[in-house]
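Visitor: Take a look at the following structure, please.
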Amino acid sequence: MLKPVSRDTLTRQVKETIKRFIVQENLGNGARLPSERELSDSLSVSRNIVREALSGLVSEGIIVKEVGRGNFVGDVDPDQITASLPVTLGENGASPQALREARVALEIGSVGLIVQRITDEEIENLKALLASYEQKHHEGKSTVKEDIDFHLGLLNATKNQVIQDMAPLVMEVFRQTLVEGPSAMRRNPDRIIAEHRRILIALENRDIAELREAMQVHFRLQNFPV
């Protein structure tokens with residue numbers, strides 16, 4: 001089983017993500033931050049976690065909360081924000097490119113185990129995630145949570161503890177993409193839906209070669225190194 005992530009850890013991760021967003025988007029004093037709901041949807045965490053993270057940033061003087069208006073960047077030096085950030089996967093010698101390569105190797109390398117060990121119930125769960133993705137897309141809502149959960153579901157289907165313990169790598173790549181900038185978030189949801197559907201068909205047919213090809217196409221069209 002995957003080890004549960006503590007509430008404190010989630011709150012800290014959200015705080016760090018918001019800090020990186022402020023720095024990388026060059027948001028200055030008075031710039032409005034996304035709403036609590038937008039942050040909750042985009043980061044795939046509860047609004048309570050987002051509120052705790054924002055409260056922490058207010059205490060640190062990084063943002064200012066204005067009742068009825070939202071949260072805004074405070075009068076703070078960007079270098080001060082950067083200095084407060086801890087070393088992460090992307091900053092200890094592992095570049096974003098290296099993380100993306102590792103994610104591709106992990107997921108495509110797990111194809112054989114996924115096909116051999118995935119259950120019918122797990123396939124149905126993946127179908128439900130795809131249906132939810134489609135519905136949210138058509139409603140104009142964030143689909144990040146469904147996208148993350150779909151790929152985590154594939155890794156969990158391996159029933160391999162070591163692979164499951166590497167699942168945070170998938171989360172890290174998704175979260176890095178969210179704070180790289182608006183251009184990094186421009187995706188084609190309709191294409192992703194079609195690619196996820198192809199992956200599901202390959203799983204239902206227990207076709208290793210087709211699943212590998214479907215996964216390679218999925219990553220290649222998102223500019224991942226395959």
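The values are calculated or read from the model by the stated rules, or taken from the named source; none is laboratory data. Here the structure is a predicted model, which is why all the values come from computation and not from measurement. In this analysis, Cβ positions are derived from the backbone assuming ideal geometry, glycine residues included, and neighbour counts consider all displayed protein chains.
Per-residue answers, yes or no, for (1) more than 13 Å from R32 (Cα to Cα); (2) in the same structural domain as K145 (by TED's automatic domain parsing); (3) surrounded by 15 or more Cβ atoms within 10 Å (Cβ to Cβ); (4) not small (G, A, S):
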{"position": "R47", "(1), (2), (3), (4)": "yes, no, no, yes"}
{"position": "V50", "(1), (2), (3), (4)": "yes, no, yes, yes"}
{"position": "G56", "(1), (2), (3), (4)": "yes, no, yes, no"}
{"position": "D77", "(1), (2), (3), (4)": "yes, no, no, yes"}
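Visitor: L89: at pLDDT below 95, in a loop (DSSP other than H, G, I, E, B) and within 30 Å of L154 (Cα to Cα), yes or no?
Guide: yes
Visitor: Are any residues in the stretch 97-125 farther than 13 Å from Q164 by Cβ, charged (D, E, K, R) and exposed (fewer than 15 other Cβ atoms within 10 Å of the Cβ), and if so, which ones?
Guide: Within the stretch 97-125, D120, E121, E124 qualify.
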